[in-house]
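This structure is in structure tokens; I'll ask about it shortly.
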Amino acid sequence: MVTNFDFLKRSDKELFKIINDAEELYRSEFFEQCMTQTRRFGEVVCKKVLGSRRTTEITFDAMLATLKDCTLGSSEEAKEFVDDLYFLKKHGNEATHSVTVKQDGMEALECLQRAFEIGINYCVYSLNEDRRILKLRYDTELLVTGKKSRKTLSEKYEAEKEKVSKKKTSSKATKPKPQYCSVKSQSHEKKRPYFWYFVGVSAVISAFMLIILALI
């Protein structure tokens, strides 16, 4: 069956067997045992990298301390390599000595991913393997199903990006069309003030009264 660690088959069969067992434990949902196995993988890698520089160091912790001293002032990759080994040691120890069973699948997955990076760096920088394996990425689909994903990481990214874009587009509400309403102003006829009607009527009455008085 194809695994994430096939690149180790040719260069180091011992390491491949250890980490392949870790992936099988993960698929069977033995997450704590998986983390313990990745710790073992990290310890063996550390021992191999130290080589002749290892003298009295017996424990994983002592070997890591020596390796850390050897990589002081080295490249960022070397520092990350040591950090990943410390991560496997820490979580592997917790899984081994824990009183309760956590069954943390995400934690176990991260241990496998870190072991993957450790394995690649070990092959390239210690065994001088083809540097093209640096482009490999851990495939969780392959881990769970045992089948290699047909899509590359970039293709998966683009597919997810397209899904998000479609969701945003569909969630936008349709803009309402602007409504136009015309209001015609009514023409107001000019009206004479009532005051002038009163004055006119009063003048007529006054004139009529004067005529009557003149006739009497």
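Hey, any hits in segment 104-118 for a residue that's more than 23 Å from the chain's Cα centre (by Cα), open to solvent by 30 Å² or more (accessible area, probe 1.4 Å) and charged (D, E, K, R)?
No - not one qualifying residue is present in segment 104-118.
Can you name every residue in segment 16-38 that is in contact (Cβ under 8 Å) with a residue 60 or more places away in the chain and either within 19 Å of Asp139 (Cβ to Cβ) or open to solvent by 10 Å² or more (accessible area, probe 1.4 Å) (or both)?
Ile19, Ala22, Glu23, Tyr26, Arg27, Glu29, Phe31, Glu32, Gln33, Cys34, Thr36, Thr38
Sticking with this one: Can you name the residue in segment 87-103 that is modelled with pLDDT of 95 or more and of a type in the set (A, V, I, L, M, F, W, C) and, of all such residues, is surrounded by the most Cβ atoms within 10 Å (Cβ to Cβ)?
Within segment 87-103, the match that is surrounded by the most Cβ atoms within 10 Å (Cβ to Cβ) is Leu88.
The values are calculated or read from the model by the stated rules, or taken from the named source; none is laboratory data. Keep in mind that this is a model prediction, so the values were computed, not measured. Note that we place each Cβ from the backbone using ideal geometry, even for glycine, and neighbour counts take in every protein chain shown. Side chains included, ligands, DNA and RNA excluded: accessible areas come from the protein's heavy atoms. Shrake-Rupley method; radii C 1.70, N 1.55, O 1.52, S 1.80 Å.
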